[in-house]
Amino acid sequence: MSEARRRRRATFAATIVGMLVAGCAAVRPPGPASAPTATPRPTPSPAPAPTAARRNVVLIGDSTTFGTPEPRPGVRGAIQSPYSPGATLEVLLAHVEPLPDAGGTAWRGARVHDLGVGASTTEHWLSYPTAGCGTLLEFFPVVKAACREKVAWVDAVSPAIGEAPIDAVIVDLGLNDLLITQDPAATVSRLLRIRKALAPVPVVFFPPIAPPEGPRGDWPQRVRAAMVKRKLFEEPQYPAYVPTFDDLHPTDGGYAAKAALWLDALRKLP
């Protein structure tokens, strides 16, 4: 993804939290009127404090993780939106998460790499020979890297983000596995294989979010129950669904809500 596009994707995310950040900004009271004072003696400048390395978070998922287009009457062909929930998470980490010395965590200022792949399933992520080579899926960075390295997508996560070390992976389970299996246990088994492939990096899992009247029916709820049973997910306050524009893909507000929930999950990691 080009730097210009990344900036465009982050712009909308920044707007979401801009009012919050502005409202939280401290206002410095006016000081007393200046008066002549003696010239202070020069003192040596303190050495700069060491700066902690910026952490890196990777998002794995499908189009509901990468970002999707809002419907526009009469317009067809767009495959993804410039809106990115990963960009929102990065802005939250930069401006809402407090500094560590103010009670925040080491995730403050972390960079977020959104490696969601539209139309993907957990089977795609584990497939070898590599899935999607020579198709439009190579638009997505992790697929392009996997095809170049001749590995499964899950093994191309590190090459897809360059030389940066990976400090955490968020697997945001999408809604497409119902198209390949009716058995939630099969999907959960693949999630366990994904975690093993990414070890020793900590992996946080989130179940699908979709309204029960949507085209996936009760699939999201059944997968969520299977994930809880296998102890891949234990967040009772996580919503069953967020606002969507097509009963599958979240609205901008729905994406922002997911990003806030991901922030809470990162705060619980070391």
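The values are calculated or read from the model by the stated rules, or taken from the named source; none is laboratory data. All values reported here derive from a predicted model rather than from experimental measurement. Positions of Cβ are backbone-derived with ideal geometry, glycine not excepted, and every protein chain shown enters the neighbour counts.
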Legend entry - Output for region 131-153, where each listed residue is closer than 20 Å to Leu59 by Cβ, of a type in the set (Val, Ile, Thr) and part of a loop (DSSP other than H, G, I, E, B): Val151
Legend entry - Answer from Arg222, Arg216, Arg190 - the residue that is in a loop (DSSP other than H, G, I, E, B), buried (at least 16 other Cβ atoms within 10 Å of the Cβ) and either at pLDDT 90 or above or within 16 Å of the chain's Cα centre (by Cα) (or both): Arg216
Legend entry - Test result for Trp107, at pLDDT 90 or above and closer than 21 Å to Glu149 by Cβ: no
Inset, instruction - Test Arg190 against the stated conditions and say whether it is of a type outside the set (Val, Ile, Thr), in contact (Cβ under 8 Å) with a residue 60 or more places away in the chain and out of contact with any Lys or Arg (no Cβ under 8 Å at 6 or more places or on another chain). - result: yes
Inset, instruction - Go over the candidates Asp252, Asp183 one by one and state the one that is acidic (Asp, Glu) and out of contact with any Asp or Glu (no Cβ under 8 Å at 6 or more places or on another chain). - result: Asp183
Inset, instruction - For region 164-177, state whether one or more residues are assigned to a loop (DSSP other than H, G, I, E, B), polar (S, T, N, Q) and closer than 22 Å to Tyr238 by Cβ. - result: yes
Inset, instruction - Tell me which residues, restricted to region 160-187, are at pLDDT 95 or above and of a type in the set (Asp, Glu). - result: Asp167, Asp172, Asp177, Asp183
Inset, instruction - Please enumerate the residues belonging to region 238-262 that are assigned to a loop (DSSP other than H, G, I, E, B) and buried (at least 16 other Cβ atoms within 10 Å of the Cβ). - result: Tyr241, Val242, Leu248, His249, Thr251
Legend entry - Residue match in region 193-207 (condition: assigned to a loop (DSSP other than H, G, I, E, B) and among the basic types (Lys, Arg)): no
Inset, instruction - Could you run through region 174-195 and say how many residues are among the small types (Gly, Ala, Ser) and under 22 Å from Phe66 (Cβ atoms)? - result: 1
Legend entry - Whichever residue in region 143-187 is charged (D, E, K, R) and surrounded by fewer than 22 Cβ atoms within 10 Å (Cβ to Cβ) and, among such residues, is farthest from Thr122 (Cα to Cα): Glu163
Inset, instruction - With respect to Asp183, determine if the residue is touching a residue at least 12 places away in the same chain (Cβ under 8 Å) and among the acidic types (Asp, Glu). - result: no
Inset, instruction - State which residue pairs qualify: first residue in contact (Cβ under 8 Å) with a residue 12 or more places away in the chain and inside region 234-248, second residue of a type in the set (Val, Ile, Thr) and outside any loop (DSSP other than H, G, I, E, B) in any location, beta carbons under 8 Å apart, and separation of 6 or more residues or different chains. - result: Leu248/Thr64
Inset, instruction - Go through the residues of region 199-206 one by one and say whether even a single one is in contact with a Phe, Trp or Tyr (Cβ under 9 Å, 6 or more places away or on another chain), under 30 Å from Gly109 (Cα atoms) and buried (at least 21 other Cβ atoms within 10 Å of the Cβ). - result: yes
